[in-house]
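The values are calculated or read from the model by the stated rules, or taken from the named source; none is laboratory data. Since this is a predicted model, take the numbers as computed values, not measurements. Every residue, glycine among them, receives a Cβ derived from its backbone with ideal geometry; neighbour counts consider all protein chains shown. Remember, those area values only see protein heavy atoms, side chains included, never the ligands or the DNA or RNA. Shrake-Rupley method; radii C 1.70, N 1.55, O 1.52, S 1.80 Å.
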Amino acid sequence: MAFGTASPPSADSVTRLGRLLEPAEWVASGVPLLRSPREVVRGLYARHRPAPSTAVAAVFHPDDRLAASASFTRPAMRTSATDGWELRNALLSQLRLVIPHDLRRRTPARTAVLLYCREGEAHWTEEDGAWMWALRDACTLHGLRCGAYITLTAAGWHILGEGRSGRYPRSSAHPAAPIGFGGGAPEAHRHTAAR
């Protein structure tokens, strides 16, 4: 029988593992519930028509009016593993394009919500965990309150961590929106509402 020492995980793999949130961690972080989730999902879907691998970031005023939104395709990962760091950077760049930061406020007033259209089942995946981490971190860096994470699949929409869902709208099989200047969706898919 041979004995050997198990090599400790590399710092990179430990860091990567920490850049996703499990559903229990997400719920424990106190993400506020959407007052009318069906209206939010339908509104974002009508505005952006997301296809699989498309994310829609939306920022809402305290009175639930849409302040701004942007849709963009999921960035290609440098490694085979989904990394919340890269997703956070893509999300943050979109937020910076459509709305000024609120970092001077003592407490965040506006709330960011992320709708991600993907293939597969509606249950939580590691990719969802990476998007949740990305949303929470991007909100902190942009001075926003972290809001709901919503998946859109062929089965319909599902708010992870809340258990609320609906059959329509649902993911469609049309190809993802092309990437435009700056790594996001074309200008037609960026919207800034009146402040």
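Of the candidates Ala90, Ala122, the single residue that is out of contact with any helix residue (DSSP H, G or I) (no Cβ under 6 Å at 6 or more places or on another chain) and in contact (Cβ under 8 Å) with a residue 60 or more places away in the chain is Ala90.
Just wondering, is there one or more residues in the range 143-150 that are surrounded by 21 or more Cβ atoms within 10 Å (Cβ to Cβ) and assigned to a loop (DSSP other than H, G, I, E, B)? Scanning the range 143-150 turns up at least one residue that is surrounded by 21 or more Cβ atoms within 10 Å (Cβ to Cβ) and assigned to a loop (DSSP other than H, G, I, E, B). Any residue in the range 152-172 that's without any contact (Cβ under 8 Å) to a residue 40 or more places away in the chain: show its pairings with residues that are part of a loop (DSSP other than H, G, I, E, B) and open to solvent by 70 Å² or more (accessible area, probe 1.4 Å) at Cβ separation under 6 Å, as long as the two are six or more apart or on different chains. Once the first residue is without any contact (Cβ under 8 Å) to a residue 40 or more places away in the chain and sits in the range 152-172, its partners that are part of a loop (DSSP other than H, G, I, E, B) and open to solvent by 70 Å² or more (accessible area, probe 1.4 Å) give Ala154/Arg170; Gly156/Arg167; Gly156/Arg170.
Yes/no per residue for (1) under 14 Å from Gly147 (Cα atoms); (2) part of a helix (DSSP H, G or I):
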site: Pro32; (1), (2): yes, no
site: Val40; (1), (2): yes, yes
site: Ala46; (1), (2): no, yes
site: Ala55; (1), (2): no, no
site: Ala70; (1), (2): no, no
site: Thr82; (1), (2): no, no
site: Glu121; (1), (2): no, no
site: Met132; (1), (2): yes, yes
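In the range 151-171, the qualifying residues are those that are in contact with a Ser or Thr (Cβ under 8 Å, 6 or more places away or on another chain) and part of a strand (DSSP E or B), and the one that is nearest to Thr111 (Cα to Cα) is Ile159.
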